[in-house]
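Nothing in this text is a laboratory measurement; each read-out follows from the coordinates by a stated rule. As the structure is a prediction and not an experimental result, all values here were calculated from the model. Quick reminder, even Gly has a Cβ in these numbers, built from the backbone with ideal geometry, and neighbours come from all protein chains shown.
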Amino acid sequence: MINASTVSSRPRASIGNSGVSGSRMGFATLGRAPLRLGLNSRRITSRDLQIVEATDELLDAEVPELDGVASNVSLLRGFNATIPSADQSRSRRRQMRNVETPRIGLKKLGMNARGLLADEEDHEQQNMTSEDDVVVIPRNDPTHKKGKKRGRESLSTLKTLGKDELARQTKEIQRDKENIHVRRSLLNSEITEITNKIEALDTIRAKLEQDLLKLQEDELELDDELVGVKERLQFEQSNHHVQNTLAQPLHLPPSSRRRKGPAFLPSEHDELPPGVAFMTLDSHTTPITALDFSEPYGTLVTASQEDAQPRVWDLFSGTEIGRLRGHRGTIKCVQVEDHVCLTGGEDGNIRLWDLRRVDDDDDSWEGDLVSLSDVAEEEENSVDIESLGSRSTGIRSGTEVLTEGNACARLLEGHTKAVTALYFEDECLVTGASDKTLRQWDLTTGQCVMTMDILWAISHPPKSTSGNASQNHLFSGAAAAVGTFAVPTPPYADGSWEMYEDFVGGVQFWGYGLVSGSGDGAVRMWDMRTGQAHKTLLGHTAPVSCLQFDEIHIASGSLDKTIRIWDLRMGGIFETIQYDHGVTGLQFDTRKIIAATGENGVKIFNRTSMQHSTIFTNGHTKPVERLRYMDRYLVSGGRDSMVKIWSL
């Protein structure tokens, strides 16, 4: 588009005394050079350079515009439409329509009108004159008689514009309309650009809000880590004097259910992608009914339907260590703390196991029962040791007697139906069963110290009842005592369903405060000193299948497809999370809630950002039933008989 040439017929030679090597010189160098240059002995002046610009081509060329600017309007057209002189034609046409008339005092009328705004209603009949009004102009007509008035003449008849002027005004009006179209396009483009900027700012704001939520999560994580460090310090100080763990009698460790802070993990765990099941345990042949583990990469105990022998796994190697033999029915609930395990089954019994003896018990198990006479001789020759698990307990189940070599350290009998929920901490154990009772046990003696009747609590509700007090329970206390509790579960994601028979879905205590969730859909708070239910939380419309609580909140999951968060301070519902299927398992901390909700994936609810997510990569092929996690380590069991180990 720009052509340039030098008018010189002599051959080009190197520039002498210029300090520039080579024989090539660009136009940029010549443009910045002085007016006089020396090329050998000949001088080059500005006349030797003729730069021809293609002006017309440049004006007609399309100028690329940025996004958000009117692309159908050229730069020159937009400039002409927006300069102040574009309105000159309108002013000129307005002046052309002005008519020379005798002064009628319009300015005075306007000023008086501004001063008489309060008396506007009194002058509604007054005619305000404008340039388009028809005004009577008096004439000096001698034939006009006094006392008579002529008809009004229009102002437009007093002035003639002419054909050329009208044609000119027509072109001007069309050009003004085009200018308005151009301005409209420019304004719309500016509005679009502003809209895009607002959207960009909204995106930045959302990003900053996410960063703020991330900082809040980091703060909560640091709080948990600080609590975990303090707990670890107390633990190491209290266990500093213990030298040989295996030589010590069975010791009940503190509960890990309220343990906070990060867990100890192998360094290789950081290399695992989050949200992926990296290990599968597939020895079971029926759906998983219960599971729990001591710590990440520690000892895992799993149970399944129609299997009376829970399996013990080494999570570090993913191998099965052995089985816990003794129950005579399906295992409904499991809790593992360090090397201690408690199980509750359909036979109505609770067994306390020493997982350190599983190998020996598995090798020596021959299926024969120990005779009572052998146990009597053994007790006569043995030295009495008061520690738990250091001698034969003497507690019998039928003809079975617990011996020193058995991994089962204690057998607790008392419930008349299946034990469906249990929780122990220190030497205190609370169990819930389908006989519609809760029992408190002393693990040092194996004795039941208190029985809490749920049917009595249903028929005698406490005065402090939160939620919908007028809601209809699934059944009354009298109706529940008649037959066996059984309700159909909502269909799972794969369309399957089964009968739900666990009247007590979950129990947990802290100090003297006990919380239970039962088949009537109620969450009850009990005083373990009196055995009375002092508060009932109503809201669920189906059996409560799982629950957990901390210092502030209770989280309960139900077959009514919801998880309800209850505020312990106010006694009301703090939050309700809705799902598509019944909830069968949950666990929560200050940052998240992880739940099994009748789907193949594991649901995670972020309590800070209120966002839902699902992990299912290399996961279950049928709905998840049970789960348990610590820090970034999750174990889940499903209806596909598989146990999956996840990295969070």
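Note on Arg232 and Asp494: their simple-model spin labels are 4.0 nm apart, each label 7 Å out from Cα toward Cβ.
Over all directions, the projected convex hull of the C-alpha atoms in segment 287-326 averages 2.8 nm² in area. Between the beta carbons of Val276 and Asp314, assuming R0 = 25 Å, the FRET efficiency works out to 0.75 to the nearest 0.05. Once both labels are positioned 7 Å from their Cα atoms along Cα-to-Cβ, the gap between Asp426 and Gln578 label points is 4.4 nm.
Once the gyration tensor of the Cα atoms in segment 506-585 is diagonalised, the equivalent ellipsoid follows with semi-axes of 21, 13, 10 Å, ordered largest first. When you count the other C-beta atoms within 10 angstrom of each residue and take the mean per peptide, 602-609, 416-423 line up highest first as 416-423, 602-609. Placing pseudo-labels 7 Å out from each Cα toward the beta carbon at Gln88 and Ala486 gives an inter-label distance of 9.9 nm.
A Förster radius of 51 Å, combined with the Cβ-Cβ distance separating Leu222 from Trp456, puts the computed FRET efficiency at roughly 0.65. Distance from a point 7 Å along Cα→Cβ of His269 to each backbone N in segment 290-317: keep the residues under 20 Å and list them by number. The answer is 291-302, 313-317, whose backbone nitrogens lie closer than 20 Å to the label point.
Using the Cβ atoms and a cut-off under 11 Å, what net charge is assigned to the surroundings of Ile604, where Lys and Arg are +1 and Asp and Glu are -1? Overall, the nearby charge balance is +4. Within a straight-line Cα-Cα reach of under 23 Å, Lys197 can be paired with the following lysines, leaving aside sequence neighbours fewer than 8 residues apart in one chain: Lys207.
Relative protection proxy for 206-213, 556-563, from highest mean packing down: 556-563, 206-213 (other beta-carbon atoms within 10 angstrom). If R0 is 30 Å, the Cβ-Cβ spacing of Ala113 and Asp176 corresponds to a FRET efficiency of close to 0.45.
Past the 18 Å Cα-Cα mark, which pairs from Lys463/Lys535; Lys260/Lys561; Lys535/Lys561? Going by Cα-Cα distance, Lys260/Lys561; Lys535/Lys561 fall outside the 18 Å limit.
Please list 271-281, 437-447 highest first by mean number of surrounding beta-carbon atoms within 10 Å per residue.
437-447, 271-281
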